[in-house]
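Single-structure report; data block below.
The values are calculated or read from the model by the stated rules, or taken from the named source; none is laboratory data. No experiment lies behind these values; they were computed from the predicted model shown. No Cβ is skipped: glycine too gets one built from the backbone with ideal geometry, and neighbour counts run over all protein chains shown.
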Amino acid sequence: MRIAMIIRLMPLTLAAAGCGGGSSPADAAAAPPDVAGATELAATAAGNPLPGSTADEVARFQAGKAEFEAAETPAEGLGPVFNDNSCAACHSVPATGGGSTRVETRFGAIAGGVFDPLASLGGSLIQEHGIGIAGDCNYVGELVPAQGTLRSGRRTTPLFGLGLVDAVPDGAFGALAAFERRFFPGEAGRVALVHDIAQNRDRPGRFGWKGQVPSLHQFAGDAYLNEMGITSPEFPDENCPQGDCSLLRCNPLPTLNDDGSGPAAFQDFMTFLAAPTPGTVTTAIAHGRQVFNVVGCNHCHAGTLVTGNSPSAALRQKAFHPYSDFLLHDMGSLGDGIALGAAHGREFRTAPLWGLHNLSTFLHDGRASSIPEAIQAHDGQARRAREAFRALRPGDRSDLLQFLGSL
């Protein structure tokens, strides 16, 4: 099995995941990058298909993009409660498939020391719109109920390059966790084992702020249901508005809304959506990358991963640079209390840093308006790296921030 962990040659700390500190130049040589036989990706503009995609794959990408951009209607299954009527309404910056400053809401409560998503009251995800009058029902957007004493924002993340992440062998994440336990146990992450519906087995979660989704296939069906209210074969049950299932009596399309072709097209679009292209490497940026490693941010924001033996040549044995180990880390005070999938309330999946130059807000809830502000908010397993960042000389800090801004 191949695990390319240039968990030393490139990464940082800043979205809403873990990062460790206290590494030394000697530590930086501890992770041998195993990229034998892998090839690097060619650069391409944001929103384009992966370089090397076949004509058939590009056609699937384009058809998926059209589905991704299409505005759904109640007659097609939208709602009765939903967050927006198309995927592209939220995933739009700097091109279709990107992120945005849109922030959704998760909520719940602690009962007997355990997180309660308050599913009977519409939790844990708020659907903020309703389709309006249908029969004798008036569908309106959900609100956090009084019982929802925990509340957290979720910034819309970019989808660029996720086909590469999907193509990483499952065992690579366990190997990353084992490597971290050996070399920096205080900052080591853990694999988020979650259920894969299609394969009917537990697999490493790699998508979502809490690593709660194991595959793009499942990501697509989940998004169709929970963001647009559209049911499909693997997600056949409508969300009850604010948890009141009696309101489904007026649902304009009570039968299965989609035969699975919509989520499949969405999956095709994400699978072949190219990864972000970093900026030109200057002397300052090259030095900033070294500072990134010395500070210890790469303990969690791993620089390089390698895909497995995909049937697609565009995804097969590719070295790529997400700056994430895709593991769960305890973020201390930055945790939001929301348990999801395998993640506890203080945990987040390490947020990838590639494409950072396209973002204007940072962290899981968008609270930070700058990269330094996001770093300063890190805690828990990332505390040592945060303190090392604070101790940097001005020139080193400037170069580090230039490096991050180039990703």
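Descriptive notes on the structure:
- Residue among Leu248, Leu253 that alone is touching a residue at least 12 places away in the same chain (Cβ under 8 Å), over 30 Å from Arg384 (Cα atoms) and outside any helix (DSSP H, G or I): Leu253
- Of all the listed residues (Phe292, Phe266, Phe219), the sole one being part of a helix (DSSP H, G or I) and more than 20 Å from the chain's Cα centre (by Cα) is Phe292.
- One residue stands out among those in the stretch 167-201 that are touching a residue at least 12 places away in the same chain (Cβ under 8 Å) and charged (D, E, K, R): the one that is surrounded by the most Cβ atoms within 10 Å (Cβ to Cβ), which is Glu180.
- The strands (runs of 3 or more DSSP E) falling completely within the stretch 97-158 include none with 3 or more residues that are of a type in the set (Asp, Glu), under 29 Å from Ser369 (Cα atoms) and free of Cβ contacts under 8 Å to residues at least 60 places away in the same chain.
- Yes/no for Ala75 being assigned to a loop (DSSP other than H, G, I, E, B), within 30 Å of Ile133 (Cβ to Cβ), among the aliphatic types (A, V, I, L, M) and touching a residue at least 12 places away in the same chain (Cβ under 8 Å): no
- Residues in the stretch 91-139 that are surrounded by 19 or more Cβ atoms within 10 Å (Cβ to Cβ), over 18 Å from the mean Cα position of the chain (by Cα) and of a type in the set (D, E, K, R): Asp116 alone.
- For the stretch 295-345, a tally of residues being part of a loop (DSSP other than H, G, I, E, B) and charged (D, E, K, R) returns 3.
- Qualifying residue in the stretch 387-407 (condition: buried (at least 20 other Cβ atoms within 10 Å of the Cβ), of a type in the set (Lys, Arg) and not assigned by TED's automatic domain parsing to the domain that holds Leu118): no
- Residue match in the stretch 363-384 (condition: β-branched (Val, Ile, Thr), outside any helix (DSSP H, G or I) and in contact (Cβ under 8 Å) with a residue 24 or more places away in the chain): no
- Within the stretch 233-254, the set of residues being surrounded by fewer than 17 Cβ atoms within 10 Å (Cβ to Cβ) and within 26 Å of the chain's Cα centre (by Cα) comprises Pro233, Glu234, Pro236, Asp237.
- Flag for Thr157 being out of contact with any His (no Cβ under 7 Å at 6 or more places or on another chain), closer than 18 Å to Phe348 by Cα and of a type outside the set (A, V, I, L, M, F, W, C): yes
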